1. For Lys161, go through the aspartates and glutamates and keep the ones whose alpha-carbon is under 16 Å away, minus same-chain ones fewer than eight residues off.
2. Report, ordered by chain and residue number, the aspartates and glutamates lying within cross-link reach of Lys111, taken as a straight Cα distance under 19 Å and ignoring same-chain residues fewer than 8 apart.
3. Run through the DSSP bridge list for the chain and note the antiparallel percent, rounded to the nearest 5.
4. With the cut-off at 1.5 for a/c, could you classify region 116-158 from its C-alpha gyration tensor as rounded, prolate or oblate?
5. Using Stokes-Einstein with the Kirkwood hydrodynamic radius over Cα pairs, what translational diffusion coefficient do you get for the chain at 20 °C and a viscosity of 1.002 mPa s, in µm²/s rounded to a whole number?
6. How much net charge surrounds Gly16 when only the other residues with a Cβ under 13 Å from the Cβ of Gly16 are counted, with Lys and Arg +1 and Asp and Glu -1?
7. Between Glu107, Glu174, Glu59, which gets the highest mean-square fluctuation from a Gaussian network model of the chain, Cα cutoff 10 Å?
8. Name the most mobile residue of Glu20, Glu117, Glu136, meaning the one with the largest mean-square fluctuation, in a Gaussian network model of the chain with Cα contacts below 10 Å.
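Please treat every number below as a calculation from the coordinates, not as lab data. Values in this document were obtained by computation on a predicted structure and should not be read as measured data. Don't worry about glycine lacking a Cβ; one is built from the backbone with ideal geometry, like all the others, and counts go over all protein chains shown.
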Amino acid sequence: SHTTDLAGRHVVVSAGGTREPLDPVRFLGNRSTGRQGYALARAAVARGARVTLVSANSELPDPAGADVLRAGTAAQLREAVLKAAADADAVVMAAAVADFRPAHYAEGKIKKRDGQEPEPITLVRNPDILAEISAERARPGQIVVGFAAETDDVLANGRAKLARKGCDLLVVNEVGEHKTFGAETNEAVVLGADGTETPVPYGPKGALADTVWDLVADRLG
Ligand code: C5P
């Protein structure tokens with residue numbers, strides 16, 4: 001059994017979805033609930049790891065035994081993840097991080113005015129946390145895992161993304177009904193920078209979590 005193969009290890013998991021504010025009452029967000037990240041955190045606790053869960057806007061209950069940090073925006077998530085990653089053996093970026101944020105934040109609520117067209121929303125890029133962590137490696141041998149939701153050419157796009165991000169493992173999901181966002185189940189392929197390809201059959205997010213930790217534990221040696 002793998003019950004304690006992560007004992008003595010510190011792992012960081014990000015979960016949920018970031019929200020990028022437009023004004024005090026509005027944001028750009030996504031449909032991530034945090035279920036996959038929370039399943040990863042629970043599985044790592046069960047395998048003996050010290051777990052830091054950086055949670056973005058999830059309503060799920062804190063996993064027992066994990067240190068839970070909260071982040072709202074991508075910038076806040078980045079701060080928390082980079083800090084926690086400093087002494088981490090593995091970092092798993094399961095959070096859906098906004099690629100873009102509004103260029104301007106309105107201090108007062110944006111109002112509609114009679115006879116006026118709405119102002120366009122200008123977006124700017126957010127830093128890519130996964131790429132940054134992969135490039136920096138706060139610790140030698142640190143294992144970095146990313147997630148990718150794809151709608152088409154899942155494997156080819158996944159391989160390209162793995163190379164672009166520079167992570168060790170990329171969990172590639174096909175986005176669809178009953179899969180990925182908000183679902184209790186998931187189906188995925190885990191691509192390794194070493195060329196490996198591990199299919200994970202349709203099943204509970206806890207099973208995918210255990211496959212990810214199996215692959216991470218292998219690489220930690
Ligand atoms: O590029 P894309 O958003 O598809 O990549 C998804 C992966 O990259 C996820 O692991 C996500 O947590 C991470 N990501 C990130 N910072 C961003 C965007 C995505 O760390 N700004």
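1. List returned: Asp99, Asp128, Glu132, Glu150, Asp152, Asp153, Glu174, Asp194, Glu197.
2. Within the straight-line limit of under 19 Å, Lys111 reaches these aspartates and glutamates: Glu20, Asp23, Glu119.
3. Working: 17 of 44 bridges.
Counting DSSP beta bridges with both partners in the chain, the antiparallel share is about 40 percent.
4. In terms of gyration-tensor shape, oblate.
5. Answer, rounded: 120 µm²/s.
6. Values: positive: Arg19, Arg31, Arg35, Arg70; negative: Glu59, Asp62.
Neighbourhood net charge equals +2.
7. Comparing Glu107, Glu174, Glu59 in a Gaussian network model of the chain, the most mobile one is Glu107.
8. Glu117
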